[in-house]
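All of the numbers you see were taken from the coordinates with simple rules; none came from a lab. Just so you know, these numbers come straight off a predicted model, no measurement behind them. Don't worry about glycine lacking a Cβ; one is built from the backbone with ideal geometry, like all the others, and counts go over all protein chains shown.
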Amino acid sequence: MLIDYDCTSNWGNWQYAGGVGADPRTDRYFNVIKQAYDYDEEGAFAKMWLPQLANVTTKFVYCPHLMNMLDQKKFNCLIGNFIFKINFIQM
C-alpha cells in the first residue's frame, strides 16, 4: 500500500504490480502474496492497517478469504461482515 502519491516515482511500480508494465519476459508476474510473506511474514503491517486481522494466524493473514467458516469464527474475522468505524474530525 502506498500512502504517498508521487506519479514520477511510483508509476512504474504500479504498472509492474498490475502486470501491464514494459517487461521483456511475458511470463513474469508480480506476486503480491509471496512478497508480503517474504517481507512481513508475521503480517504486522497488514494488521496495523486492518485491525480485523489482529487474531488471524500467519497462515491466513494475507489470504483471509481462504479461511473456512470454523476458522473465521475462531479468529473473529468473519468475511463480508466487517463494520468500519469512521472517526470524523471536527473543524
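Quick rundown of the values:
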{"quantity": "Charge context of Asp40, other residues only, Cβ under 15 angstrom, K/R +1, D/E -1", "calculated": "0"}
{"quantity": "Unit charges at the beta carbon, dipole of the range 32-81: most positive-side option, Val56, Asn68, Gly43", "calculated": "Asn68"}
{"quantity": "Under Karplus coefficients 6.51, -1.76 and 1.60, residue-wise ³J(HN,Hα) of the range 9-16 in Hz, glycine/proline x", "calculated": "9, 9, 4, x, 5, 5, 5, 4"}
{"quantity": "Dipole magnitude of the range 32-81, debye to nearest 20 (Cβ charges: Lys/Arg +1, Asp/Glu -1, about Cα centre)", "calculated": "220 debye"}
{"quantity": "Kirkwood hydrodynamic radius of the range 32-81, from inverse mean 1/r over distinct Cα pairs, in Å", "calculated": "10.9 Å"}
